[in-house]
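Written below as structure tokens is the structure these notes are about.
Derivation of every value follows stated rules applied to the coordinates shown; laboratory data play no part. Computed from a predicted model, the values in this text were never measured in an experiment. All Cβ positions, glycine included, derive from the backbone under ideal geometry; neighbour counts span all protein chains shown.
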Amino acid sequence: MRFFKFILSFLIVFLKIQIINAQSLEWSNTTKIRGNSIYTTIVGEDENGIYVIRHRNKLLSRFVVFERYRHNLGLETSKSFLLKNTRLLYVDINKNGLLVIKQIYFKKSKTYNIVATYFNSVFEPKINDKILMNVQLHDNVPEPKIIIKPDETHSNYYIANVSNIVSKIKSFEYSVYDINLETKVNKTIAIDKKYKFDQIEDFVFENEYKLTFLASKRNIEDAVSQYFLLQTDNDVLRVKLLEDSNYLISQAKILNNNFSKTKIVSGFYTSSYKSGYEGQVFIKFRNIVKDSVNFIKTPFSKEIIKETEGEHKSQSGFIPATYKLKKIINCFNGSFVKVIENTIINKDQEIIGINGSPTSQGKLIYFFENLIIQNFDSSGNLVWESNINKIQNSINDGGILSSVFVSNTQNKINILYNYPVSNGGDIILADFTPLGTKQVRKIVDGDLFNALIISDEGKQISNNKIIVPVIKERKFALLKIQF
């Protein structure tokens, strides 16, 4: 009897572990990759299915195809659109339908209209186009820079035009529209000419439609040397310089921490950019006027540098400046996870013979290497860190099949990638629990499926579901993973 109870208990624990680790995979049918549909944007999912845009270029201009798949990834309907002097800026699915925000260029006036409309599930317009913003560029600013963000419930949309911050007029404008495209806020904010930042990186928002922007000024080496916080207060702009006399800050990001009701800026810090990065810096605040801005610095440990860069590098205390922030994730308990990846692009020349004459031909070699994963608590203190060692390399393909796709599902950080990046390569899933426990396993056998993910085009469409485009048997397909 005691032995039977032991076996029963073991089976219960085993089944629970299997349920926790289980994930289901579904594939769409494959289709040929055509010149007008090289790139893919996953929009989202509603009761009618999963919405996808196939497009000719990364700008979503000239020609696009809207597709809707059934929940089991069977293609239900598609419709193509020819875009003249137009590009899509933002597409979202909400309870009113498919929201499309586009930018239209008028050659005569050299101005742009930012226009929105809704489509139904068969891609017919539900309303007439509505002009949200008119953009006029000044002082040879080449292209509009428009940042669009929804709130958590996708019931309000924040649109910021930050194109003219480097022009003589030095200003930006932002608007807030509700789900019915009714105006809630429309403001133009002047910037004092004494502030020398040259780029708005991003913004976050809070109640009463107040915005906080992260701006930057780049030095000659293209490493960010200065960051600024800009906070709107009615029609007044408050500005604070984020500066440390001993360190440079690079690759900073701003985000809201809904758990602590604060805002966070996090990036790399270094005393010598040529030597690389020394660690992560963390700044937490609510109001840039009332709150003091304190820098919390966490150096990279010798252990993590040794694991990713080798023994010889661990003594220096630096990781190479080729590391890039891949993803920063807000967690339910106020902590956040940062995933960084060593990314190198080399230019090379080779001599080939054409019609008996030597000819120089350029090529780009892409390397996507080791990952460092770090978990910080809501105060910016390091909780745990881990790594994934990999080498993905390719030539003249834009690195499209390299790098990783990161999602946050069911209290786990999931990292999906191809390894190796070649025919017969496997699809690997690495996941991390809130305590930092790592599990790495093969979820798609390359010898059986001959499929590789396009990591930059994946999207998390619910709290336990991701959609990732794949190249399968040299054709296009979608892969849905439910955790």
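Figures for the structure shown
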{"quantity": "Helix-only CD estimate at 222 nm, as mean residue ellipticity for the chain, using -39500 (n - 2.57) per DSSP H run (n ≥ 4)", "calculated": "-2000 deg cm²/dmol"}
{"quantity": "Over 21 Å between alpha carbons, listed pairs K327/K390; K274/K313; K58/K412; K58/K480; K102/K193; K102/K126", "calculated": "K58/K412; K58/K480; K102/K193"}
{"quantity": "Relative packing of peptides 89-98, 48-57, 294-303 - highest average C-beta neighbours within 10 Å first", "calculated": "48-57, 89-98, 294-303"}
{"quantity": "Spin-label pair D235/R441, simplified geometry with 7 Å Cα→Cβ offset, distance in nm", "calculated": "6.1"}
{"quantity": "FRET E, pair D244, T111, Förster distance 41 Å, beta-carbon r, rounded to 0.05", "calculated": "0.50"}
{"quantity": "Partners for K32 among aspartates and glutamates (Cα-Cα distance below 19 Å; same-chain residues under 8 apart left out)", "calculated": "E67, E76, D397, E457, E473"}
{"quantity": "Paired Rg and Dmax values of the range 302-483, which use every Cα atom, in angstrom", "calculated": "18.5, 66"}
{"quantity": "Convex hull of the chain built on C-alpha atoms - directionally averaged projected area, nm²", "calculated": "29.7"}
{"quantity": "Over the range 192-289: Kirkwood hydrodynamic radius from C-alpha pairwise inverse distances, Å", "calculated": "14.1"}
{"quantity": "Segment D178-F332, length gained on full extension (0.36 nm per residue, minus Cα span)", "calculated": "52.8 nm"}
{"quantity": "q = 0.23 Å⁻¹, the range 258-335: log10 I(q)/I(0) [Debye, one scatterer per Cα]", "calculated": "-1.08"}
{"quantity": "Rounded if a/c under 1.5, otherwise prolate or oblate - the range 98-217, Cα gyration tensor axes", "calculated": "oblate"}
{"quantity": "Sequence ranges 239-247, 208-216, ranked by mean other-Cβ count within 10 angstrom, highest first", "calculated": "208-216, 239-247"}
{"quantity": "Inter-label distance, nm, simple model (7 Å from Cα along the C-beta direction), K79/N96", "calculated": "1.8"}
{"quantity": "R0 of 25 Å, Cβ-Cβ distance K302-F259: FRET efficiency to nearest 0.05", "calculated": "0.20"}
{"quantity": "Potential lengthening between D348 and K274 on full extension [0.36 nm per residue; Cα-Cα distance subtracted]", "calculated": "24.4 nm"}
{"quantity": "Cβ-derived FRET efficiency at R0 25 Å, S225 paired with T188, nearest 0.05", "calculated": "0.30"}
{"quantity": "Pairwise label distance in nanometres, T31 with D198, each label 7 Å out on the Cα-Cβ vector", "calculated": "4.2"}
{"quantity": "The range 40-85 and the range 421-474: distance between their alpha carbon centers, rounded to Å", "calculated": "22"}
